[in-house]
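The structure appears below as structure tokens.
Read-outs throughout are calculated quantities, based only on the coordinates presented, and are distinct from any laboratory measurement. Since we're looking at a predicted model, the values are computed, not measured. For neighbour counting, all protein chains shown are included, and Cβ atoms are generated from backbone atoms with ideal geometry for every residue, glycine included.
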Amino acid sequence: MNVDTKTKLSRTTIFLHWLLAIMVMVMLAVGVIMAEAEIYSLYPWHKSFGQLIFLIVLVQAVRRLKNGWPEPVSTYSHVERVLARSVHYLLLVGVLLMPVFGFLMSALGGNGVAFFGLQLVARNPDPANLSKVIPLNGPLAELMLAAHGILGYLLILAVVLHILGAFKHHLIDKDGTLRRMLGDKV
Ligand code: HEM
Ligand code: HEM
């Protein structure tokens, strides 16, 4: 059956988890590298994959709203449960918000947004200097840029904590948390 139980996670949960995990970790790394090194050729790819992630994470968010979170495989301290749950929320909600902030930043900044070549919001070039753009709403675009940056670093922190947690379960508690996410019945 395609539902999560305490001993086994559904194929959909496992597939969506690893698909999003890989895409989000690559996007976080590419985002930081392209922004720091000003590699503008990567921007259209970053924007397109970011929007694709939004569509995938929407599915996962609706599933979590409907079915709740998978039950922990064992019993843990209150602090540990709250920490794990908070990080899961931050990951899910953060990954939903990142593309929204990114989209608004690019659209309102006048840089335009395309989805794998399909233009969604046109660039707004400056007639006096066509290599430059005129923002549609400069202050709001700046706010979205800051939000995208800050949330990006928060997400990197959340992913690190999340991976440390997964390995703590596997190596210290020696429970089935990680194996269950890899498809095992525990
Ligand atoms: C190497 C990287 C990763 C490992 C080893 C890993 C491992 C795990 C494990 C073992 C669980 C199950 C926790 C439990 O049963 O309570 C889990 C759940 C979860 N992980 Fe990851 N994860 C990784 C990366 C990510 C990334 C990058 C994201 C963000 C998109 C993410 C989002 C989530 C969420 C939201 C859950 C809650 C369960 C669900 O909604 O399916 N994980 N992860
Ligand atoms: C889950 C999806 C996304 C993730 C994880 C992500 C992550 C990041 C990160 C970590 C940065 C570097 C921030 C910094 O160093 O200040 C970045 C930069 C950027 N992102 Fe995203 N992003 C996502 C989606 C999007 C989308 C959908 C768009 C636009 C449609 C977008 C547009 C940009 C742009 C234009 C920059 C460069 C900003 C600059 O030049 O300073 N991102 N992204």
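Using a Cα-Cα cut-off of under 20 Å, which lysines could be cross-linked to residue 174, ignoring same-chain neighbours fewer than 8 residues away?
The reachable lysines, counting only those whose Cα sits under 20 Å from residue 174, are 6, 8, 185.
Projected onto the charge dipole of the chain (+1 at Lys/Arg Cβ, -1 at Asp/Glu Cβ, origin at the Cα centre), which of 131, 100, 62 gives the Cα projection farthest towards the positive end?
So the residue we want is 62.
Quick one: if the Förster radius is 22 Å, what FRET efficiency do residue 25 and residue 86 give, using the C-beta to C-beta distance and rounding to 0.05?
Values: r = 20 Å, r/R0 = 0.89.
Calculated transfer efficiency: 0.65.
Using a basic spin-label model with each label point 7 Å from the Cα along Cα→Cβ, how many nm lie between residue 36 and residue 10?
Label at residue 36, label at residue 10, 3.9 nm between them.
Return the loop-located GluC sites (Glu not before Pro) in region 1-80 (DSSP other than H, G, I, E, B) with at most 14 other Cβ atoms within 10 Å of their own Cβ; answer none if there are none. Display every interim value, and only then the final one.
On the way: sites: 36, 38, 80; in loops: 38.
Sites meeting the loop and neighbour criteria: 38.
Expressed in nm to one decimal, what extension gain is obtained for the pair residue 134 and residue 161 from 0.36 nm per residue of sequence separation less their Cα-Cα distance? Spell out each step's value before the answer.
Values: separation 27, 0.36 × 27 = 9.72 nm, distance 3.97 nm.
This chain segment gains 5.7 nm when fully extended.
So how tilted is helix 78-108 from the main axis of the chain? Cα-based, degrees 0 to 90, rounded to 10.
So the inclination is approximately 20 degrees.
Equivalent ellipsoid semi-axes for the chain, as square roots of 5 times the alpha carbon gyration tensor eigenvalues: give them largest first, rounded to whole Å. Each step should come with its number before you reach the end.
Details: eigenvalues 280, 53, 37 Å².
The answer is 37, 16, 14 Å, longest axis first.
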